[in-house]
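J.: What follows is a structure written as structure tokens; I'll ask about it next.
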Amino acid sequence: MFGKKENIGRVETIISTGTEIKGDVSTEGTVRVDGLVDGHILKAHGVIIGEAGKLTGDVKAESIVIGGEVSGNVDASANLELLATAKVYGDIKTQMLSIQEGAVFEGKCTMSAIKKEPTED
């Protein structure tokens, strides 16, 4: 995952295989989805959609890794990684994007410039 595990953080919430949630999710930490979520992930530090995971709704977080399916818009303020098994049907907004061969993405992508700290001369 981006070669830097600190980007996604420790997983604090797991929606496991066989679990279905209808409604919105908001957390300060990292959430992993291996089950089904019918709703939006409104706020999180990190989001991992596992290979068996399916999200029908928008997702917004600092760092996002997708290995399953998302039908909705994806807003990763720092970075987004689509694994080979990922399927994303919606628009993407991020600063850094990594797409592995085999991933499916249907939508538009908007990438903003990475903000650099000003340096003193």
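J.: Please specify each residue of segment 80-94 satisfying the condition of being surrounded by 22 or more Cβ atoms within 10 Å (Cβ to Cβ) and more than 17 Å from Glu51 (Cβ to Cβ).
T.: Result: Ile92, single match.
J.: Scan segment 21-36 and report the pairs whose first residue is crowded, with 19+ Cβ neighbours inside 10 Å and whose second residue is in a loop (DSSP other than H, G, I, E, B) and of a type in the set (Lys, Arg), with Cβ atoms within less than 9 Å and a gap of 6+ or a chain change.
T.: Listed by first residue and then by second, the contacts come to Thr30/Arg10.
J.: What pairs can you find where one residue is in segment 67-86 and touching a residue at least 60 places away in the same chain (Cβ under 8 Å) and closer than 14 Å to Gly46 by Cβ, the other is of a type in the set (S, T, N, Q) and surrounded by 21 or more Cβ atoms within 10 Å (Cβ to Cβ), and their Cβ atoms are less than 6 Å apart, with a gap of 6+ or different chains?
T.: Correct list of pairs: Ala78/Ser63; Asn79/Ser63.
J.: Can you tell me which residue is nearest to Ser63 (Cα to Cα) among those in segment 16-39 that are within 15 Å of the chain's Cα centre (by Cα) and among the hydroxyl-bearing types (Ser, Thr, Tyr)?
T.: Thr30
J.: In the set Ile48, Ile64, Ile14, which member is without any contact (Cβ under 8 Å) to a residue 60 or more places away in the chain, within 20 Å of Glu106 (Cβ to Cβ) and among the β-branched types (Val, Ile, Thr)?
T.: Ile64
Read-outs throughout are calculated quantities, based only on the coordinates presented, and are distinct from any laboratory measurement. Since we're looking at a predicted model, the values are computed, not measured. Because the Cβ atoms are built from the backbone with ideal geometry, glycine has one as well, and the counts that use them run over all protein chains shown.
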